[in-house]
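The values are calculated or read from the model by the stated rules, or taken from the named source; none is laboratory data. Since this is a predicted model, take the numbers as computed values, not measurements. Cβ placement follows ideal geometry from the backbone for every residue including glycine, while neighbour counts extend to all protein chains displayed. All accessible areas refer to the heavy atoms of the entire protein, side chains included, with ligands and DNA or RNA removed. Shrake-Rupley method; radii C 1.70, N 1.55, O 1.52, S 1.80 Å.
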Amino acid sequence: SRLFGGFIADVVAAIDQAVYDGVDILSLSVGPNSPPAATKTTFLNPFDATLLGAVKAGVFVAQAAGNGGPFPKTMVSYSPWIASVAAAIDDRRYKNHLTLGNGKVLAGIGLSPATHLNESYTLVAANDVLLDSSVMKFSPTDCQRPELLNKRLIEGKILLCGYSFNFISGSASIKKVSETAKALGAVGFVLCVENVSPETRFDPVPVGLPGIVIVDVRNSKELVDYYNISTPRDWTGRVKSFTGKGKIGDGLMPILHKSAPQVALFSARGPNIKDFSFQEADLLKPDILAPGSLIWAAWSPNGTDEPNYVGEGFAMISGTSMSAPHIAGIAALIKQKHPHWSPAAIKSALMTTTSTLDRAGNPLLAQQASETGTTKLVKATPFDYGSGHVDPRAALDPGLIFDAGYEDYLGFLCTTPGIDVHEIRNYTHTPCNKTMGKPSNLNTPSITISHLVRTQTVTRTVTNVAEEETYMITARMDPAVAIDVNPPAMTVRAGASRKFSVTLTVRRVTGTYSFGEVLMKGSRGHKVRIPVLANGYPR
């Protein structure tokens, strides 16, 4: 089956080759874009099955959660052996402004230098400087074709262009507007958005020429009105003189807020699914949140999927494809400090040391679509951020880890209700062993029970990767589900492992998940936190 990045067979071959070459870490900014026909189980789709082999060989795997958010069950990364990474927006906002000759200041987006400090420049609209009125079969106002416009009338002026559907479909680009303006000798450009659906995302595009995109339709109307008033025409509609003036501000410096991080609108959301009829799994996904919005990174100049960055060596892109490499890089640092740790140990260190608060110390918020299609902020849950936002320094010294290996993952598969045991054998060449009892008993740094009836107890095993330490264990949970941990405290020697159990009991059936956490506070200052999720059903 076809993927946006290639054929699955090629990606699978590349993963196998990388494992054979002896890599320590795999970062996958790809996932299945549709349910595979061959398997019913999400955990055995060609990606996850191949990655299980990689993890068995000791390779840590970070994978993009997917960009199908903010809707539930949009994850394209499913399995416990993979670190599935959600995307956060940080606190950089690139804003710019256009000052008109009448003194009005219009806000917009433009990652560009300013026009000369105290000078204003004449405004000319693309449709008033056409070389030939017969070119209407193209859309000349979107400034994609310099050969359609009159250089003599544009030189030394600010060129006004119209934002059209071609920008959304990808055949037109802001980079091209900038190149057109430059080729025609303009001092800058303005791209005017006059009608657009409210959910359209405008990411800032770095350009060398002063330029701005006026994204608010009301501001665009102000600009058009001012231009029309200050541009007298003869009876045929031809311009007599251009008298409108403007100057473009400096958009190169980001404005910093205290709101970071927040879960990005596009970031895929849980609950995780165990099969392609969307039955919920007893496993939390995503696992972790990392920066994934407006990330500057090296770029292939001959890449074609981003028209604004064709030919560029660097690009500023958003997506869970940008957050997964952050986790891969931090995992590499952990592996360097602890070379003998398993992939599960590294993933555990990352997850148990995360933060669920933003910079201002408030609970994390998630971008969500409102009824009108605009973006609003709501209180985030583990279905948005997994265990929380990564904290690289804390992850290097987690205190305790939740370890697991290949046999444990097979146990998880074999105890997943409704799974086809022949399918498992097909992929793993191993008969099923059901001693784990339930998939929620897999030793993951999170606890999820998608179908809690009456009461259920799960066990977890922690291994001390620091000095001997005494941990106090506490738990809290939304009131609809009671939570109990045992023992309330334990001393773990260096290198030793200890078990604890968590009992969840339905108090009230609400029809939604209850969220909580188990917190282990060590006498030497280590803090180990795992999210707990349960959806209570009537008995």
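For Leu160, are the conditions met, namely being under 17 Å from Val239 (Cβ atoms), crowded, with 22+ Cβ neighbours inside 10 Å, within 38 Å of the chain's Cα centre (by Cα) and modelled with pLDDT of 95 or more? It is true that Leu160 is under 17 Å from Val239 (Cβ atoms), crowded, with 22+ Cβ neighbours inside 10 Å, within 38 Å of the chain's Cα centre (by Cα) and modelled with pLDDT of 95 or more.
Of all residues in the range 52-64, those that are surrounded by fewer than 19 Cβ atoms within 10 Å (Cβ to Cβ) have Cβ atoms under 9 Å from Cβ atoms of residues that are of a type in the set (Phe, Trp, Tyr) and part of a loop (DSSP other than H, G, I, E, B), 6 or more apart or on another chain, in Lys56/Trp81. In the range 184-192 there is no residue matching the filter, namely being open to solvent by 60 Å² or more (accessible area, probe 1.4 Å) and over 30 Å from Phe71 (Cβ atoms). When Thr444, Thr428, Thr435 are checked against the criterion of being of a type outside the set (Lys, Arg) and without any contact (Cβ under 8 Å) to a residue 60 or more places away in the chain, Thr435 stands alone in meeting it. Kindly establish whether Gly211 is open to solvent by less than 60 Å² (accessible area, probe 1.4 Å), under 30 Å from Glu306 (Cα atoms) and not polar (S, T, N, Q). Yes, satisfied. Looking at Ala260, Ala264, which is the one that is under 30 Å from Asn45 (Cβ atoms) and at pLDDT 90 or above? Within the list Ala260, Ala264, the selection yields Ala264. The single residue among Leu209, Leu223 that is part of a helix (DSSP H, G or I), under 20 Å from Thr122 (Cβ atoms) and in contact with a Lys or Arg (Cβ under 9 Å, 6 or more places away or on another chain) turns out to be Leu223. Here Gly511 clears all of (1) touching a strand residue (DSSP E or B) at 6+ places or on another chain (Cβ under 6 Å); (2) assigned to a loop (DSSP other than H, G, I, E, B); (3) not β-branched (Val, Ile, Thr) except the condition numbered (1).
Would you pick out the residues in the range 352-383 that are of a type in the set (A, V, I, L, M) and in contact with a strand residue (DSSP E or B) (Cβ under 6 Å, 6 or more places away or on another chain)? Of everything in the range 352-383, those that are of a type in the set (A, V, I, L, M) and in contact with a strand residue (DSSP E or B) (Cβ under 6 Å, 6 or more places away or on another chain) turn out to be Leu365, Ala366, Leu377, Val378, Ala380.
Counting residues in the range 217-232 that are surrounded by fewer than 23 Cβ atoms within 10 Å (Cβ to Cβ), among the polar types (S, T, N, Q) and under 17 Å from Ala107 (Cβ atoms) gives one or more. If you go through the range 141-179 one residue at a time, how many are part of a helix (DSSP H, G or I), acidic (Asp, Glu) and farther than 13 Å from Ala126 by Cβ? Total satisfying the criteria: 1.
Do we have any residue at all in the range 474-491 that's among the hydrophobic types (A, V, I, L, M, F, W, C), out of contact with any Asp or Glu (no Cβ under 8 Å at 6 or more places or on another chain), open to solvent by less than 10 Å² (accessible area, probe 1.4 Å) and without any contact (Cβ under 8 Å) to a residue 24 or more places away in the chain? Among the residues of the range 474-491, at least one is among the hydrophobic types (A, V, I, L, M, F, W, C), out of contact with any Asp or Glu (no Cβ under 8 Å at 6 or more places or on another chain), open to solvent by less than 10 Å² (accessible area, probe 1.4 Å) and without any contact (Cβ under 8 Å) to a residue 24 or more places away in the chain, which makes the answer yes.
Against the definition (under 21 Å from Pro204 (Cβ atoms) and among the small types (Gly, Ala, Ser)), how does Ala264 come out, yes or no? Yes. In the range 353-362, of all residues being among the hydroxyl-bearing types (Ser, Thr, Tyr) and assigned to a loop (DSSP other than H, G, I, E, B), the one that is farthest from Ala57 (Cα to Cα) corresponds to Thr356.
In the range 164-180, is there at least one residue being hydroxyl-bearing (Ser, Thr, Tyr), surrounded by 22 or more Cβ atoms within 10 Å (Cβ to Cβ) and in contact (Cβ under 8 Å) with a residue 12 or more places away in the chain? Scanning the range 164-180 turns up at least one residue that is hydroxyl-bearing (Ser, Thr, Tyr), surrounded by 22 or more Cβ atoms within 10 Å (Cβ to Cβ) and in contact (Cβ under 8 Å) with a residue 12 or more places away in the chain. The residues of the range 215-248 that are within 34 Å of the chain's Cα centre (by Cα) and free of Cβ contacts under 8 Å to residues at least 24 places away in the same chain amount to a single one, Arg218.
Just one of the listed residues (Leu400, Leu413) is crowded, with 22+ Cβ neighbours inside 10 Å, more than 17 Å from Val55 (Cβ to Cβ), of a type in the set (A, V, I, L, M, F, W, C) and over 26 Å from the mean Cα position of the chain (by Cα), and it is Leu400.
Kindly evaluate Cys143 against the criterion of being of a type in the set (A, V, I, L, M, F, W, C), modelled with pLDDT of 90 or more and at positive phi. Yes, satisfied.
Selection over the range 520-537 of residues that are surrounded by fewer than 16 Cβ atoms within 10 Å (Cβ to Cβ) and either touching a residue at least 60 places away in the same chain (Cβ under 8 Å) or assigned to a strand (DSSP E or B) (or both) gives a count of 3.
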